[in-house]
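Enquirer: Below you'll find the structure I mean.
The values are calculated or read from the model by the stated rules, or taken from the named source; none is laboratory data. Given the structure is predicted, the values throughout are model-derived calculations rather than measurements. Note that we place each Cβ from the backbone using ideal geometry, even for glycine, and neighbour counts take in every protein chain shown. Each accessible area value is taken on the protein alone, full model and side chains, heavy atoms only, with ligands, DNA and RNA left out. Shrake-Rupley method; radii C 1.70, N 1.55, O 1.52, S 1.80 Å.
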Amino acid sequence: MEKLAQLGTTNLEISRHGFGAARIGEGVSLDQIENLLDSLLDLGITFIDTADCYTRSEELIGRYLGDRSGKFVIATKCGCISGGDGEEEYSRAVIERSIDRSLKRMGLECLDLVFLHTCSAEVLRAGEAADALMRARDAGKVRYTGYSGDDADALQAISMGVFDAIQVTFNILNQTALDEVLPAAQCAGIGVVAKRPIANARLLPPDSPQFHGGPYWNPVRSLLTDEGAWDDPLECSLRFTLSHPVITSAIIGTTNTLHAQENAKRARAEVLSPKLLDALHKLRPED
């Protein structure tokens, strides 16, 4: 079964392997979705990440949940223009409507965690978006609040002292958050959810500069082999992300039950050694 971890200073305990539900509304049958979510529950993967603007994702999650709602921690996102909204992105009206819509779609009285969806530091500093989310929390519609975004935008969100969690890009090929964002979040006691933890599988295509079998890995190949992290590049990627204690959960999206089961097995692998992590940090291909 999947390990659970406390998200920052919240009382949410979430699975280290989180499920990204962005694609389940893209022509996937209801039977397939039910089998997939049943499988996640059996594996102990109880953290689901979705968004108001992911096609039919919230609606399909709601159709599945029913009396299972207490068995999952559901995170969603708000603030983007969705459907026919005629308002400005991240305005109070858009955020309020987004949260109400998410509650209705998923048949919930309160949302466990809501992230502001990738707005800029400028929008955050203006205050309206964060204030609208805090008002929803105070009204009992949202338990905990968060921000989803990277780099200077994430640092601005952390500095505001009002969010319980952040969702940031962090993986073996994009380690930018390692320098400032992750330390700042850790210092602030903010929970961290990693998105794109397997680097969008970019280690797999032979024409990728970081192809698993290519020369890019020569400096660390022997270390990866010694730690049993060479044969499966996706396991290596996930182990890298989850080897950083500040990361509470890593979000992986799929519509395939077998892939979800394989990823769950990868997430249960041991963390990488400090020696190997240090060597991988020095590669830093995109920083």
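Enquirer: Confirm whether N35 is more than 17 Å from V142 (Cβ to Cβ), open to solvent by 80 Å² or more (accessible area, probe 1.4 Å) and not small (G, A, S). Let's see the steps before the verdict.
Expert: Working: more than 17 Å from V142 (Cβ to Cβ): yes; open to solvent by 80 Å² or more (accessible area, probe 1.4 Å): yes; not small (G, A, S): yes.
When the stated conditions are applied, N35 passes them.
Condition check ((1) in contact (Cβ under 8 Å) with a residue 60 or more places away in the chain; (2) within 13 Å of E2 (Cβ to Cβ); (3) open to solvent by less than 10 Å² (accessible area, probe 1.4 Å)) across all residues:
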| site | (1), (2), (3) |
| --- | --- |
| L223 | no, no, no |
| A229 | no, no, yes |
| C236 | yes, no, yes |
| R239 | no, no, no |
| L242 | yes, yes, no |
| P245 | no, no, no |
| S249 | yes, yes, yes |
| T255 | yes, no, no |
| L258 | no, no, no |
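Enquirer: If you don't mind, there's one more thing I want to ask. Can you work out which of the residues in region 13-59 that are in a helix (DSSP H, G or I) and over 30 Å from R239 (Cα atoms) is modelled with the lowest pLDDT?
Expert: Taking region 13-59 and keeping what is in a helix (DSSP H, G or I), we get 30-43, 57-59.
So of that shortlist, the ones also over 30 Å from R239 (Cα atoms) come out as 30-31, 59.
Details: L30: 87, D31: 90, E59: 94.
Looking at residues that are in a helix (DSSP H, G or I) and over 30 Å from R239 (Cα atoms), I get L30.
Enquirer: Okay, next question. Looking at A279, is it touching a residue at least 40 places away in the same chain (Cβ under 8 Å), in a helix (DSSP H, G or I) and farther than 27 Å from P215 by Cβ?
Expert: Numbers: touching a residue at least 40 places away in the same chain (Cβ under 8 Å): yes; in a helix (DSSP H, G or I): yes; farther than 27 Å from P215 by Cβ: no.
Here the answer is no, as A279 does not meet what is asked.
Enquirer: Look through region 147-171, keep the residues that are more than 19 Å from A130 (Cα to Cα) and either of a type in the set (S, T, Y) or surrounded by 24 or more Cβ atoms within 10 Å (Cβ to Cβ) (or both), and return whichever of them is nearest to the chain's Cα centre (by Cα). Full working, then the answer.
Expert: Applying the first criterion (more than 19 Å from A130 (Cα to Cα)) to region 147-171 yields 169-171.
Checking which are either of a type in the set (S, T, Y) or surrounded by 24 or more Cβ atoms within 10 Å (Cβ to Cβ) (or both) leaves us with 169-170.
On the way: T169: 8, F170: 10 Å.
The qualifying residue nearest to the chain's Cα centre (by Cα) is T169.
Enquirer: While we're looking at this one, here's another question. Of all residues in region 62-112, count the ones that are out of contact with any helix residue (DSSP H, G or I) (no Cβ under 7 Å at 6 or more places or on another chain) and of a type in the set (S, T, N, Q).
Expert: Residues in region 62-112 being out of contact with any helix residue (DSSP H, G or I) (no Cβ under 7 Å at 6 or more places or on another chain) and of a type in the set (S, T, N, Q): 2 in total.
Enquirer: Of the numbered conditions (1) over 26 Å from R16 (Cβ atoms); (2) modelled with pLDDT of 95 or more; (3) open to solvent by less than 30 Å² (accessible area, probe 1.4 Å), F115 satisfies every one except a single condition; which is it?
Expert: For F115, the exception is condition (1).
Enquirer: Taking only region 83-114 into account, find how many residues are touching a residue at least 60 places away in the same chain (Cβ under 8 Å) and under 13 Å from C53 (Cβ atoms). First the steps, then the outcome.
Expert: Quick first cut of region 83-114, residues touching a residue at least 60 places away in the same chain (Cβ under 8 Å) only: 112-113.
Add one more test, that the residue is under 13 Å from C53 (Cβ atoms), and what stays is none.
Of the residues in region 83-114, 0 are touching a residue at least 60 places away in the same chain (Cβ under 8 Å) and under 13 Å from C53 (Cβ atoms).
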